[in-house]
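First up is the structure itself, then whatever we jot down about it.
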Amino acid sequence: MFNTAPDIHYPEPRITRFLFASKAMAPLWTIVRIYLGWQWLTSGWGKVTGGGWIGAEAGGAVRGFLNRALELSVGERPSVTGWYAWLIENVFLPNAAIMSHFVAFGELLVGIALITGFLTGASAFVGGLMNAAFLLAGTVSSNPVMFILATWVVLAWRVAGYYGLDYWVLPRIGAPRGGFGSGKPAGESRAPEAHGQH
């Protein structure tokens, strides 16, 4: 017997609605989005135009990075977990040339998408996945900060791309434009009109 009870929707708290869905916060998320995009763009551009990542030399830089990660998976205090080391050894290293292209062009495309505000939530999510992959491989660098910022941009997807291509793209793919014209948070529905008592 199927459950015919209606879906229960929990209301979004005002504070999160303000932080992640308010037009007032759109400028802040625009700055964060462009900062993240610039980090990915410069990193990807360096890989695409440098050696060891694409073309005939593809895979060389990735193999060096992954072999270093394997070294970090052994010893008394390994910083790379066993299951991720297994993935590196059995999935990533045998496909190092393909992985190399994915990383180089992935970083470049995520950077362009974030800077232009194109599918901001999805782009930040992909960027966060790359940060997580680098962290799992034992590379810290700027990855923790970028991962945190990417997570926040994903939460603010409704307004993070408002000053960008998402202003036109999101409504075309079915996402509500929100109440920007009236100063309401994005996605907030208009309250029903009040009726006098009879």
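Structural remarks
- Inter-residue pairs, beta-carbon under 6 Å, first on the phi > 0 side of the Ramachandran plot and at pLDDT below 95 and in the range 30-55, second assigned to a helix (DSSP H, G or I) and among the hydrophobic types (A, V, I, L, M, F, W, C), 6+ apart: Gly52/Ala61
- Screening the range 122-172 for helices (runs of 4 or more DSSP H) wholly inside it with 1 or more residues that are among the basic types (Lys, Arg) and either surrounded by fewer than 22 Cβ atoms within 10 Å (Cβ to Cβ) or more than 10 Å from the chain's Cα centre (by Cα) (or both) returns the ranges 157-160, 166-172.
- Check on Lys23, of a type outside the set (Ser, Thr, Tyr), in contact (Cβ under 8 Å) with a residue 60 or more places away in the chain and more than 22 Å from Asn143 (Cα to Cα): yes
- Qualifying residue in the range 2-24 (condition: at pLDDT below 95, out of contact with any Ser or Thr (no Cβ under 7 Å at 6 or more places or on another chain) and farther than 30 Å from Pro176 by Cα): yes
- Near pairs, Cβ below 7 angstrom, 6+ apart or cross-chain, from the range 131-144 (closer than 21 Å to Leu93 by Cα) to any residue that is surrounded by fewer than 17 Cβ atoms within 10 Å (Cβ to Cβ) and among the small types (Gly, Ala, Ser): Gly138/Ser79
- Scope the range 59-87; condition in contact (Cβ under 8 Å) with a residue 24 or more places away in the chain, aliphatic (A, V, I, L, M) and surrounded by 19 or more Cβ atoms within 10 Å (Cβ to Cβ); matching residues: Ala61, Val62, Leu66, Ala69, Val80
- Output for the range 46-60, where each listed residue is out of contact with any Ser or Thr (no Cβ under 6 Å at 6 or more places or on another chain) and of a type outside the set (Asp, Glu): Gly46, Lys47, Val48, Thr49, Gly50, Gly51, Gly52, Ile54, Gly55, Ala56, Gly60
- Among the residues of the range 38-48, those identified as out of contact with any Asp or Glu (no Cβ under 8 Å at 6 or more places or on another chain) and closer than 12 Å to Phe105 by Cβ are Trp45, Val48.
- Checked against (1) touching a Lys or Arg at 6+ places or on another chain (Cβ under 6 Å); (2) surrounded by fewer than 16 Cβ atoms within 10 Å (Cβ to Cβ), Ala21 meets all criteria but (2).
The values are calculated or read from the model by the stated rules, or taken from the named source; none is laboratory data. Owing to the predicted nature of the structure, the values given are computational and were not obtained by experimental measurement. Neighbour counts run over all protein chains shown; Cβ positions are idealised from the backbone, glycine included.
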